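Read-outs throughout are calculated quantities, based only on the coordinates presented, and are distinct from any laboratory measurement. Note that the structure is a prediction, hence the values are computed from the model and not measured. Don't worry about glycine lacking a Cβ; one is built from the backbone with ideal geometry, like all the others, and counts go over all protein chains shown.
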Amino acid sequence: MTAILFDLDRTLVDVQSFTDYRAALLDLKALVGSHPERSMPATGWSSETVACMAILYELAGTDLWEEASRLVESHELAAVPVSSPMPGLELVDQVVSRYPTAVVTLLGRSATDAVLELHRVPIPVRVARRVDLRPKPAPDQLLEACRLLGAEPTTAIMIGDSTWDHQAAVAAGMGFIGVTNRGPSEFPPDATTAPDLASAVRRVLT
Ligand SMILES: [Mg+2]
């Protein structure tokens, strides 16, 4: 049976617009010092957001990861109370009642839980960033979500707003719907896209 995986930030709820990733990056640089600038997929995030996520990607599996993730998460948690639901969030309940569903996010687990509770998103299976999983754009988090759902990755569909979601879905062998949030598409021309979350949800419900 098809499983549906949702990205969280700017797919279900906008947290990033309210998160001080500039301050988070300063905290990270104080912790890790100079670091190689890893090339990551181009996406519409601020350069500070990309840099934070790239550093966490580099640190996955290392002793520094927990402290680095905690530093970033303090800024993410501060944004939760002012985070904003994406148009169509109320339709997600219909997906949950019909398909095995999970959230797969680069946010920390505490921030993920707080956001989903605040906006009453009824998806209990959540794969947030973890020390033992390479984050998106690697496929690891998506494959872990499928394992938790008992779903075959090849029958699953990832819904997300970023090229990082797209690359992770392709690497995991999954279907993908890119949510453009009514901006220009950042996805490859052959990717399936929807203008907003509501349209993406209707697509999997029909
Ligand atoms: Mg996102």
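Okay, here's what the table says:
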| item | result |
| --- | --- |
| Exposed trypsin sites (Lys or Arg not before Pro) absent: longest stretch of the chain, with sites in DSSP loops and at most 15 other Cβ within 10 Å deemed exposed | 39-119 |
| Least to most buried among Phe6, Phe176, Phe18 (fewest other Cβ within 10 Å first) | Phe18, Phe176, Phe6 |
| Contact order relative to length of the chain, as percent, for alpha carbon pairs under 8 angstrom and 6 or more apart | 26 |
| Helix-only [θ]222 nm of the chain, DSSP H runs n ≥ 4, -39500 (n - 2.57) each, per residue, nearest 500 | -12500 deg cm²/dmol |
| Net charge contributed by nearby residues that have their C-beta within less than 12 Å of Ala24 (K/R +1, D/E -1) | -2 |
| Residue order, fewest to most surrounding Cβ atoms within 10 angstrom, among Leu107, Leu25 | Leu25, Leu107 |
| Segment 16-81: relative contact order as a whole-number percent, Cα under 8 Å and 6+ apart | 54 |
| Gain on full stretching of the segment that runs from Leu64 to Ser17 - 0.36 nm per residue minus C-alpha separation | 14.3 nm |
